[in-house]
Every structure is written in structure tokens, then in C-alpha cells.
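Notes follow once the structure below has been shown.
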Amino acid sequence: MSLIDLTPDNALMTVRTAVETVLGVRNAAPTATIAMLDGDSLDRLEIVLALEELTGLDLPEVMVSTGRDTVGDIAEALSNIWARAQARSNRFADHNRT
């Protein structure tokens, strides 16, 4: 389960942290693509790995695929994945209470 609450704002901050860690770019604009930040396909994978480490979530590599790799897109995908994981966790907890 995620170690942090990945609301949209927190997800954006988390993606910015991963981008800074991997690419050395601080406060990347939500509209910036990984390519615009001089990142390549290996950097995309490293960003996913950094996000997994930061969040505790198991993330699909495709969440930073070409064509959907702005910082904002990645943050939105991260927030959506977190929300689905939360919903699954809540259903599981509810099921175990009955």
C-alpha cells in the first residue's frame, strides 16, 4: 500500500521529486514531457522505479510511455493508480469485517 496520500497535488509533487532525482530538473512544469527535460526511455523506466520507491506502489512501466509522458500526465496516472489501490484495499477491509 502507498506510504503517502496521492491526491492530485501530492502526486504532482511526488512526480516532480522523481524527475528531479532521475533527471536533475527541479520543479518541472506539468506540461513538460520527459523528452523536453532531456530524458530518454531508460530515464522513463528510472522514473517509474523512483516513483515505486517513493510511494510503495507497484507501477506499470507504461505509465510514462511516449505520448503520455508530461509531468502532469504521469501525476494524473499515479493519482489514479493510488485511488484504485485504495478502493481495492477498502473493499478487502470491508469484506473481512463481514
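Readers should treat all values here as calculations from the given coordinates under stated rules, not as data from a laboratory. The structure displayed is predicted, hence computed values, not measured ones. FYI the Cβ positions are ideal-geometry reconstructions off the backbone, even for glycines, and counts take in every protein chain you see.
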query = What ranking do 21, 7 get, fewest neighbouring Cβ atoms within 10 angstrom at the top?
reply = 7, 21
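Tell me, what is the percent relative contact order of the stretch 8-85, built from C-alpha pairs under 8 Å that lie six or more residues apart?
On the way: 88 pairs, mean separation 30.1, N = 78.
Rounded, it is 39 percent for the stretch 8-85.
Could you compute the net charge surrounding residue 54? Neighbours are other residues with a C-beta less than 12 Å from the C-beta of residue 54; K and R count +1, D and E count -1. Write out the running numbers ahead of the final one.
Details: positive: 16; negative: 20, 52, 53.
That sum, taken over residues with Cβ under 12 Å, equals -2.
Under the rule of -39500 (n - 2.57) per DSSP H run of 4 or more residues, summed and divided by the residues of the chain, what mean residue ellipticity at 222 nm is obtained, to the nearest 500 deg cm²/dmol? All intermediate terms of the calculation are to be shown ahead of the outcome.
Details: 3 runs with 58 residues, N = 98.
Computed mean residue ellipticity for the chain: -20500 deg cm²/dmol.
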ask   = Which order results if 47, 81, 74, 4 are arranged by neighbouring Cβ count within 10 Å, fewest first?
value = 4, 81, 47, 74
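With the Cα gyration tensor of the stretch 8-85 giving a ≥ b ≥ c as the square roots of its eigenvalues, does the rule (a/c under 1.5 for rounded; else a/b larger than b/c for prolate; else oblate) give rounded, prolate or oblate?
On the way: a/c = 1.43, a/b = 1.34, b/c = 1.07.
Verdict is rounded for the stretch 8-85.
Using the Cα centre of the chain as the reference point, and only Cβ charges (+1 on K/R, -1 on D/E), how large is the resulting charge dipole? Debye, rounded to the nearest 20. Write down the numbers at each step before the final one.
Values: 8 positive and 15 negative charges, 90 e Å.
Rounded to the nearest 20 debye, it is 440 debye.
For residue 34, what is the net charge nearby, where nearby means another residue's Cβ is under 9 Å from its Cβ and Lys, Arg count +1, Asp, Glu -1? Write down the numbers at each step before the final one.
Working: positive: 44; negative: 38, 40, 43, 69.
So the surrounding residues net to -3.
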